[in-house]
Amino acid sequence: MKDLVLGFKLLRYGYKLKTNVMMLGLFTAIGLLTEISSHGTNMIGGFYFMLTGMFAYQMIIYMNASDYVQSSAMKRKLEVGMPVIVSTVVYLVMLTILVAEKYILIRMYPENTAQYQDTLFMIIMILFGAMIFCGVCYKYFVASFIVFMVLIMTCMSTANYWLADHHISEYVSSAFVKLAILGYAAIIVGGVIEYLLSSLLYRKQLSELAMSGLSKSMK
């Protein structure tokens, strides 16, 4: 709990805080507009909401570009523990908002229930993959990015092909409730995997490409 509180406090000292906040606001606005215009049937809107956790992870991990952090006793926590803890909590909060929104939309537009459940399932699967990607990308950016994109495109094309003729609700009773539970479970398991990967790769150097030249500007 102390690490979680400290992690949120440290966000204000994140690299290019204003830029990150502006980008976060932009993505949230795009997500909101997409959700409104599509009545929640477009997966992109909900996924943009969930990107908030990735911004939190990135802002904390970027602190490791500083020589001061590299030589401090907080180095491991700032590189392994805090980014995972803070981003996981943010993901859980954003998922709660997303699930509440989907529930309201189901009540308003019951004819779209199957689509809402399908898009929620897709968002959860992509988010799970994104969390694992974050556990690796700051050490092996190029390789992890290529693998991540190939897997995501393969999974999305397969899922889109399958969902074109089928719906989750055809195979799972009380699908919405079970998808919500799946979402929370996926985030927690994803956070654990993310932490384990970060721990295993802790002694590897941070990727200069992933850090985008921050090591020079923050020394």
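Could you sort Val136, Val21 by accessible area so the largest value comes first, with the probe set to 1.4 Å?
Val21, Val136
May I ask you to give the solvent-accessible area per residue for the range 91-160, in square angstrom, as obtained with a 1.4 angstrom probe?
In whole numbers, the range 91-160 has 49 Å² accessible per residue.
The values are calculated or read from the model by the stated rules, or taken from the named source; none is laboratory data. Predicted model only: the values in this text are computed from it and were never measured. To get the accessible areas, we keep the full protein, side chains included, count just its heavy atoms, and leave off ligands, DNA and RNA. Shrake-Rupley method; radii C 1.70, N 1.55, O 1.52, S 1.80 Å.
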